[in-house]
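Heads up: the structure comes next, in structure tokens.
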Amino acid sequence: MISLQSLMNLDDRYELIVIGAGPAGMAAAIEATRNGVKTLVLDENGAIGGQIYRSITTATPKRLAVLGKDYAGGAELARTFTESGAAYLAKATVWRLTADRELGVSHDGMAKLITGERVLVATGALERPFPIAGWTLPGVMTAGAAQILLKASGAVMGPKMVLAGSGPLLWLLASQYLAADVPLLAILDTTPRKNVLRAIPHLPGFMASPYFRKGLGLVTKVRRAVRVYKNVDKLRAEGSERVERVRFSASGKEHSLELDHLLLHHGVVPEMNLLRSVGCEMAWDEEQICWHPIASAGGETSIPGIYVAGDGRAIYGAELARFGGRRAALEISKSLGAIDGAAFEHLCAQLEQESRPFIRGRFFLDRMFRPRREHLTPAHDALVCRCEEVLGSTLHDTIFRLKVLGPNQLKAFLRSGMGPCQGRQCSLSVTQTIAKLRGVSPEDVGAYRIRPPVKPITVGQIANLQTRHKRGLECLQ
Amino acid sequence: MLRRLDDFSTQTVRISIDDRTVEVQVGDSVAAALLLSGVTTTRTTVVSGAPRAPYCMMGVCFECLVTIDGVANRQACMVKVEKGMNVRTQIDRHPGRTT
């Protein structure tokens, strides 16, 4: 790895630019450089690893012990990446990508435009919006946020902490807290009972997958140590200046718990603002209840030369993100003439075989942890758009009375999706609410149009931007 | 309140949060430093003045906007602490859009 220190060190052109240094991005860069492809990896964070392996290169033994084997397993990938020939710039924000693969990158208060003959978007996932009443109160965070605090700062919450929602991450976080001897007040499991029935056809695949033993052990251990309320709905956070209690119903009985921290989680979804901004075609996936970029087996999107891999393509987890990153890098290497057809076929076949057990396990997880329908769209007294503070009731009324057809029309009425997060926290909920009220599929409703810059950049940085052929504000056109 | 596990990393730096000097660990994001220093509200919203605090810690919710070394609306979760950094929360006692 050639660790770059500033934008000045960036060349104007690379054969491959990878956006994101998580499992998919690192695996792709390793494979591409092995084939002699001149590769640059850009990442927004201060160190490699992405979210799943955050701070892996600086983790203390105690943190590794608390975070568990899967996390520690990321160290080898990180080491291989560090030993690869890829150039890498940390704290680099990609705020623009065009169909001719020109990237706007900012770093340390400066910005620059560079071009990749191929671009791989490996920007991962973000947590699915969980628009319940009170989710904006200080003290309410995502389970992912708690993991980040644990990985990067060795910080834990307490003493009265409640986890609410559904999905593997919820149980993993609980087990990590237990490993650190930090007590949890309760887990509010929102998984609907009927999920089990829907998941059963995929049980054999799951049992044959590496996820089975791990998951079973995790859940058993946590259940023994923590009070778990099952079949939870009507979830709401309450408090004035910060969260003070959570109210919910468990199997039909009402409960209220006083707490300091409420962590929400019901799955993750691809972060797709960058791909949307360049006009990649998307399809609605009813199984994972989110959008997926349409891509070939090798990860090429509808825009030639732009590829996607990892959880930014579909939610398959860290192990499959590695396979996906490598697969995309093979495709890219072949398209650049860096490997021949025979080597390509051979390596692809090998990858497919190795990844199969993991894929079979995911179908079960998707169905077992399918979010509760009522949590996908906002309750009447919940904010749907956190930035512009649009209530669920306002959203419902406006869609109903003004016969709103789609999210972009809604922007004009409510400003939802127009705040600083650029729709990342409300896009899915808004699309699904409109779809529900119109009685059509989310596919027919569409999503917010996303325009560059997809990350904040100062006017000064744009004004000072210079390239051979364009200057300053022209770059945004 | 957040607390730190008994860890082995002891490299610390001093930063200022709303004119208060606090000691934080190298590697902390500003958002983590704020939470670990007992700050519960890091900004009030421009629409209604409601209190907000870091929510996602990974740069996608934009709730943790604070002023860092005089530059407003920085994402506290995406900036690592540095020695002598001056952090100010963005709490407005008289909220409301002024356009």
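The values are calculated or read from the model by the stated rules, or taken from the named source; none is laboratory data. Nothing here was measured: the structure is a model prediction, and the numbers come from that model. Here the Cβ is made from the backbone with ideal geometry for all residues, glycine too, and neighbour counts use every protein chain on show. In case anyone asks, the SASA skips ligands and DNA or RNA and just uses the protein heavy atoms, side chains included. Shrake-Rupley method; radii C 1.70, N 1.55, O 1.52, S 1.80 Å.
The table that follows gives values for the structure above.
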{"quantity": "Long-range neighbours under 6 Å by Cβ, at least six apart or interchain, first residue at the interface with chain B (Cβ under 9 Å from one of its Cβ atoms) within region A:41-63, second part of a loop (DSSP other than H, G, I, E, B) and surrounded by fewer than 24 Cβ atoms within 10 Å (Cβ to Cβ)", "calculated": "A:Gly46/A:Ala90; A:Gly46/A:Lys91; A:Thr60/B:Asp7; A:Thr60/B:Phe8; A:Thr60/B:Ser9; A:Lys62/B:Asp7"}
{"quantity": "Selection count, region A:240-251, where residues are in contact (Cβ under 8 Å) with a residue 12 or more places away in the chain and more than 15 Å from A:Gly165 (Cα to Cα)", "calculated": "5"}
{"quantity": "From A:Thr115, A:Thr136, A:Thr142, A:Thr190, residue being touching a residue at least 12 places away in the same chain (Cβ under 8 Å) and under 30 Å from A:Ser333 (Cα atoms)", "calculated": "A:Thr115"}
{"quantity": "Flag for B:Thr89 being facing chain A (nearest Cβ under 7 Å) and under 30 Å from A:Ile132 (Cα atoms)", "calculated": "no"}
{"quantity": "Residue ID - least open to solvent (accessible area, probe 1.4 Å), chosen from residues in region A:236-285 that are of a type in the set (Val, Ile, Thr) and more than 14 Å from every other protein chain (Cβ to nearest Cβ)", "calculated": "A:Val246"}
{"quantity": "Filter pass, A:Thr136 being on the phi < 0 side of the Ramachandran plot, modelled with pLDDT of 95 or more and in the same structural domain as A:Arg322 (by TED's automatic domain parsing)", "calculated": "no"}
{"quantity": "Selected residue [crowded, with 24+ Cβ neighbours inside 10 Å, under 21 Å from A:Ile48 (Cβ atoms) and within 13 Å of another protein chain (Cβ to nearest Cβ)] from A:Ala146, A:Ala122, A:Ala152", "calculated": "A:Ala152"}
{"quantity": "Those residues of region A:73-95 which are surrounded by fewer than 17 Cβ atoms within 10 Å (Cβ to Cβ) and in a helix (DSSP H, G or I), in sequence order", "calculated": "A:Ala75, A:Glu76, A:Arg79, A:Thr80, A:Thr82, A:Glu83"}
{"quantity": "Meets criteria (outside any strand (DSSP E or B) and more than 23 Å from A:Ile52 (Cβ to Cβ)) for A:Leu169", "calculated": "no"}
{"quantity": "Filtered residues of region A:422-468 (kept if farther than 25 Å from B:Cys64 by Cα and open to solvent by 40 Å² or more (accessible area, probe 1.4 Å))", "calculated": "A:Lys436, A:Leu437, A:Arg438, A:Gly439, A:Val440, A:Ser441, A:Glu443, A:Asp444, A:Ala463, A:Asn464, A:Gln466, A:Arg468"}
{"quantity": "Members of region B:1-39 found to be in a loop (DSSP other than H, G, I, E, B), within 11 Å of chain A (Cβ to nearest Cβ) and either hydrophobic (A, V, I, L, M, F, W, C) or more than 12 Å from the chain's Cα centre (by Cα) (or both), listed by number", "calculated": "B:Met1, B:Leu5, B:Asp6, B:Asp7, B:Phe8, B:Ser9, B:Thr10, B:Gln11, B:Val26, B:Gly27, B:Val39"}
{"quantity": "Options A:Gly25, A:Gly36, A:Gly104, A:Gly116; residue that is more than 14 Å from chain B (Cβ to nearest Cβ) and assigned to a loop (DSSP other than H, G, I, E, B)", "calculated": "A:Gly36"}
